[in-house]
Amino acid sequence: MENSPTTIGSKGLIKQHEFVRVIIQSLYSLGYRKSGSCLESESGVSYKSMNLELLESQILEGDWDGCINTLCAIQELADETRASVLFLVFKQCLLEYLIGGDDCLALSVLRNQVPALRMGKENVHNLAYSIICLKEMELSKADDNAIHGQRKNLLTELETLLPPPAVLPERRLEHLVETAITAQIDSCDYHNPVEPISLYEDHNCSRDQFPTETIQTLTEHENEVWFVQFSNNGEYLASSSRDCKAIIWKVLEDGRLSFKHMLRSHQTPVSFVAWSPDDTKLLTCGNVEVLKLWDVETGTCKHTFGDHGFVVSSCAWFPDSKRFVCGSSDPEKGICMWDCDGNEIKAWRGTRMPKVLDLAVTPDGENLISVMSDLEIRILNVRTNAEQVIPEEQPITSLSVSADSKFFIVNLNSQEIHLWDVAGKWKKPLKYIGHQQHKYVIRSCFGGLDSSFIASGSENSKQVYIWNRRNSRPIEVLSGHLMTVNCVCWNPKRHQMLASASDDHTIRIWGPSRSKNIQC
């Protein structure tokens, strides 16, 4: 049956015997052994190849010469793989000879048979060394059950090394199905599903489940809204404004947002907010003013950091919700790490320290990423102090990190957004274009399922732009705001919810087109 030319499928690409064999393997791996055996009997296709069945009987019976001949006869084996499997077989063979007291036979095999198979000097030396190390350890276990167990383990190891068709890769059918689903996902521009993907139909997300319409407009701010950020659990939204206030909003079960707290303590415009990872605390940055820590539940100010004239550009939390860093555009202030009681834990400052325009801590707490002097991105590994520098050719205004800590994006005044990897392996970034940005700070974000999308505001077009990360041009342009859109944030738990902040004094909540418009 292995050489049967019969194919199935409308395009004739699938060999029937291979298809059946993969199904049999899947039935066995799922625990349906009777069904697998019945299919083998009915189809005449065996899950195990003839070579594997022969090897299995030879190894379990200790027929080492036959086993070696079988392995040498398998044409699909690359030289490196053949050397690896022969190494394992000879190791078991020689060990059993030594355990049985046949030291001379073991030495003869090592001197004569092993070199004849051209395994390489290094492999021969490694084999001799491993046998010496194993001999004393295994002599005390020299009973039939122990030897049988060792032979079974050898078979398992060989199955991981032998190539198809001698051995099927583990869970082959699952891999093929996952590959097909992944290909469908990769071709789905709006992949942002609410429900798990079904095998019963080809996958293609509808635009109707994507945030494309304004479902609510929040009008509590009295001046330009500069920043919005959802809490990590997706249950709250915080906003900050030129009106010197920050607001905490509650996300209700029906998708509406309701007013929760007005944070009024700042004397100047509030430019930035940051949620603690446990969502119990909120930091607010005043423009050329102090940094304040708030209790989310009560809306009270717990601590004020710095004094008048303290220039804070941005701040970011570490995963323990007990420490945070803030960056300053004043080189003398640099970057400071504080605890929630106002104690300075660490600082990076000095005459050579450039001004810090924006910073972020990766969600895993491993890296501190900062934008320095417009044109430079620095990534500091907090644990090892290793640092890498990424230069940009155009001024950078903001940065945002993906939820998996692997990527970050920066907005440039050249009307581009650049996507970089945190590990620093990329020599060039992925670029996204279409929005407008010349002189103002525009903040973009990752969002959707698996951070598959990038969303950004725009300077002159008064619109929100959304890109699929695989494509450089936007898949959606959302209209509604009357002036510059300064910041966009995607709800990390409700992947169909997006918030945007604008100079028109409003925050717009975007959702699927089936939602009803709500005025608040």
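Can you order the peptides 95-104, 319-328, 498-507 by their average number of other Cβ atoms within 10 Å per residue, highest first? Don't jump to the answer; show the numbers that get you there.
Working: 95-104: 15.7, 319-328: 20.1, 498-507: 24.4.
Descending mean neighbour count gives 498-507, 319-328, 95-104.
Could you please report the charge total around Leu357, scoring K, R as +1 and D, E as -1 over all other residues with beta-carbon less than 15 angstrom from its beta-carbon?
Charge balance in the 15 Å sphere: 0.
For the chain, what is the accessible area per residue in Å², given a 1.4 Å probe and the full set of protein chains?
Roughly 50 Å² per residue, with all protein chains present.
Let me make sure I get this right: for the chain, a, b and c are the square roots of the gyration tensor eigenvalues over alpha carbons, sorted descending. Under 1.5 in a/c it's rounded, otherwise prolate if a/b > b/c, else oblate. Which is it?
Numbers: a/c = 3.00, a/b = 1.97, b/c = 1.52.
It is prolate, given that a/c is not under 1.5 and a/b is the larger ratio.
Over the Cα atoms of the range 211-337, what is the Rg over Rh ratio if Rh follows Kirkwood?
0.97
Name the long-range amide H neighbours of Thr7: under 5 Å, sequence gap of 5 or more, or other chain; modelled H, no Pro or chain starts.
HN-HN under 5 Å from Thr7: Gln16.
Using alpha carbons only, how many degrees (0 to 90, rounded to 10) separate the axis of helix 79-99 from the longest principal axis of the chain?
Once rounded, one gets 60 degrees.
What is the distance in Å between the Cα centres of the range 251-310 and the range 395-442?
First find each Cα centre; the distance between them is then 26 Å.
Over the range 447-501, with every protein chain in place, what whole percent of the accessible area is carbon and sulfur at 1.4 Å, could you tell me?
On the way: 860 of 1830 Å².
Carbon-and-sulfur percentage of accessible area, whole number: 47.
Name the long-range amide H neighbours of Ile345: under 5 Å, sequence gap of 5 or more, or other chain; modelled H, no Pro or chain starts.
The list, which skips near neighbours in sequence, is Met337, Trp338, Asp339.
What is the distance in Å between the Cα centroid of the range 226-243 and that of the range 447-520?
After rounding, the separation between the Cα centres reads 14 Å.
Pop a pseudo-label 7 angstrom from the Cα along the beta-carbon direction at both Asn343 and Thr298 and give the gap in nm to one decimal.
2.2 nm
Tell me which trypsin sites (Lys or Arg not before Pro) from the range 421-520 have a DSSP coil assignment and no more than 15 other beta carbons within 10 Å of their own. Write out the running numbers ahead of the final one.
On the way: sites: Lys425, Lys427, Lys431, Lys439, Arg443, Lys462, Arg469, Arg470, Lys493, Arg494, Arg508, Arg514, Lys516; in loops: Lys425, Lys427, Lys439, Lys462, Arg469, Arg470, Lys493, Arg494, Arg514, Lys516.
Here the sparse-neighbourhood loop sites are Lys425, Lys427, Lys439, Arg470, Lys493, Arg514, Lys516.
Counting Lys and Arg as +1 and Asp and Glu as -1, what is the net charge of the other residues whose Cβ lies under 9 Å from the Cβ of Tyr432?
In short, +2.
On the accessible surface of the range 216-323, probed at 1.4 Å, how many percent belong to carbon and sulfur atoms?
Carbon with sulfur: 45 percent of the solvent-accessible area.
Can you give me the angle between helix 121-139 and the longest principal axis of the chain, using Cα atoms only, in degrees from 0 to 90, rounded to the nearest 10?
It is inclined by approximately 80 degrees.
Need one value: the accessible area of Ser84 in square angstrom, 1.4 angstrom probe, rounded to the nearest 10.
Counting only protein heavy atoms, Ser84 exposes about 50 Å² to solvent.
Mind checking the dipole of the range 207-321: about its Cα centre, +1 per Lys or Arg Cβ, -1 per Asp or Glu Cβ, Debye to the nearest 20?
220 debye
Add +1 for every Lys or Arg and -1 for every Asp or Glu among the other residues with Cβ under 13 Å from the Cβ of Gln58, and state the total.
-4
In the range 1-71, carbon and sulfur make up what percent of the accessible area (probe 1.4 Å)?
So the carbon and sulfur contribution to the accessible surface is 52 percent.
Would you mind checking the tilt of helix 172-186 against the longest principal axis of the Cα atoms of the chain, expressed as 0 to 90 degrees and rounded to 10?
Value to nearest ten degrees: 30.
The values are calculated or read from the model by the stated rules, or taken from the named source; none is laboratory data. Keep in mind that what you see is a predicted model, and the values were worked out from it rather than measured. A quick note on method: Cβ atoms are made from the backbone with ideal geometry, for glycine too, and the neighbour counts reach across all protein chains shown. Only protein heavy atoms, including side chains, enter the accessible area calculation; ligands, DNA and RNA are left aside. Shrake-Rupley method; radii C 1.70, N 1.55, O 1.52, S 1.80 Å.
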